[in-house]
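The values are calculated or read from the model by the stated rules, or taken from the named source; none is laboratory data. Just so it is clear, the structure is predicted and the values come from calculations on it, not from any experiment. Cβ: placed from backbone, ideal geometry, glycine included. Neighbour counts: every protein chain shown.
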Amino acid sequence: MKNKIKIIIIIMTVLFFSNICFGQLLLSPKSISLANSFATQSRGADVIGWNPANLGFDNNPKFSMNFGFLPFVPFPSLSLGNNSINFHNWNVDILSGKELTEKDKKNILGYIENSGFNISPQMQLDLLNISFGRWALGLGVEIFGEQNIPKSLFNFMFNGNEFDVPVDISDVDIEMQSIGKLSLYHGREINIPQINDYVKTLNIGFGINYFFGGIYADIKQMDARIISQKDGFLIDGHAIAKVAAGGSGFGLDFGVASQINDKMYANISLNNIFSKINWGNMDLDVIDGESTQKIEYSFSMELGSSEFLDDDIDSLFDKGVERDTSYAAGKFQSTYPGNLTIGFQYNMLDNLEFYGNLRKYFINDFGFSNSFIISGALNYSPINWLPLRAGIAIGGNEKFKWGIGTGLDFKRYEMNIGFSQYQGVFNWAKGFSFSFSQTIKF
């Protein structure tokens, strides 16, 4: 029982604190700086995650390679957002180091949504993306999900509670998964006379993604409460969690891209359609030799301050856990966030381009929303090797996003950096994304 409890504690603690430090993921620097209005512009190794049909255009490099610091030494592209507190609130009311007054506590509780404090972290590690001719290959690691801390728990921490009156903390929720992803894309130009009379170039493209499941953790049910007592407090409840290690799955990408005339491009893509990750088919251990586990336990712990400080974690749980059941969950599936993306590009000047995107994810889970996202962006190059990028997006889980970025774009080498914020601007934003990459091209 001690080993099972320790594993649960480790998983939940690592997930929570690692995501406080950080955050189909679209976290490349160009994508971030354009608020994800990148569907028509992606070329070469940049097409991974976007539209394979773009590989059919003649302005693709013959060879390109994207990487972070070095090939297979990635720069972590990060995204971290929440639904309640902006950077100004954090700095003034929470991280200032001052003793919280009743007014401060009231302000902080006022920021937090009634549904709870929700965090949606994402991290993308691109180990290597390369393109060669009409083909592209990508290899990377992704971690994403969401966590929710109930508002009642913050209220209890700040204000305590009347004796023997329960505080419901059943809205605690964690859902995370980490995967490796191997992608192969191909795109080419096609000739359909009935269509080519209206467009200059027409391409189609296909992609296949193979997923390596890393770790999956999900609190399926939580029924818990805290009760204040004269000499301490009581925590009791019932929880069911599902955890897994090792899995695999496939996803398919399909796209159509066109150059309408010398100034306009348009495309449409379906990314990761039919994508599922099958957990439990890699024979990796989670608990007791099983690769998938459903863990169910009931607990009732009376904790005084001295007892909490003196006893180690094993003895506390030994005293409190009334029923502990762990059994193989069997093979199960989780969803990878596929999407529909429609893109449009208009070259306003030789050095000024406008991009517009419409995106819809197919899931409402793991920190993604299935509501439509509309975005627009500008790419301006005052010097041919100095791109300046900016974009805004409305909709989705982030509701509002803006991004900026720049880089160096030489004939054989690119360096790009992108930054964006969510649900506000500067100190009034509630989240951010950041990414950096380098590209060699021939």
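A quick yes/no check of all residues on (1) of a type in the set (D, E); (2) in contact with a Ser or Thr (Cβ under 8 Å, 6 or more places away or on another chain):
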residue	(1), (2)
I85	no, no
E99	yes, no
I119	no, no
A136	no, yes
V141	no, yes
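Does I130 qualify as being in contact with a Lys or Arg (Cβ under 8 Å, 6 or more places away or on another chain), among the β-branched types (V, I, T) and at pLDDT 85 or above? Answer is no for this residue. Among all positions in region 150-162, there is no residue which is of a type in the set (S, T, Y), surrounded by 15 or more Cβ atoms within 10 Å (Cβ to Cβ), more than 26 Å from G247 (Cα to Cα) and over 30 Å from the mean Cα position of the chain (by Cα).
For region 101-117, a residue qualifies if it is in a loop (DSSP other than H, G, I, E, B), surrounded by 14 or more Cβ atoms within 10 Å (Cβ to Cβ) and touching a Ser or Thr at 6+ places or on another chain (Cβ under 8 Å), and exactly one does: I112. Listed here are the strands (runs of 3 or more DSSP E) enclosed by region 382-429 that have at least 1 residues being charged (D, E, K, R) and on the phi > 0 side of the Ramachandran plot: 399-409. Here M348 meets each of (1) more than 27 Å from M176 (Cβ to Cβ); (2) modelled with pLDDT under 95; (3) exposed (fewer than 15 other Cβ atoms within 10 Å of the Cβ) with one exception, condition (2). Within region 36-55, if we keep just the residues that are more than 21 Å from G356 (Cβ to Cβ) and small (G, A, S), the residue that is surrounded by the fewest Cβ atoms within 10 Å (Cβ to Cβ) turns out to be G44. Of all residues in region 209-254, none satisfies the criterion of being surrounded by 19 or more Cβ atoms within 10 Å (Cβ to Cβ) and not in a strand (DSSP E or B). Scan region 355-368 for residues that are farther than 18 Å from G49 by Cβ and assigned to a loop (DSSP other than H, G, I, E, B) and the total you get is 2.
When T439 is tested against (1) modelled with pLDDT under 90; (2) outside any loop (DSSP other than H, G, I, E, B); (3) not hydrophobic (A, V, I, L, M, F, W, C), exactly one condition is not met: (1). Does I143 satisfy being part of a strand (DSSP E or B), closer than 21 Å to F75 by Cα, among the β-branched types (V, I, T) and modelled with pLDDT under 90? In short, yes.
The residues in region 51-87 that are touching a Pro at 6+ places or on another chain (Cβ under 7 Å) and not in a strand (DSSP E or B) can be counted, and the count is 1.
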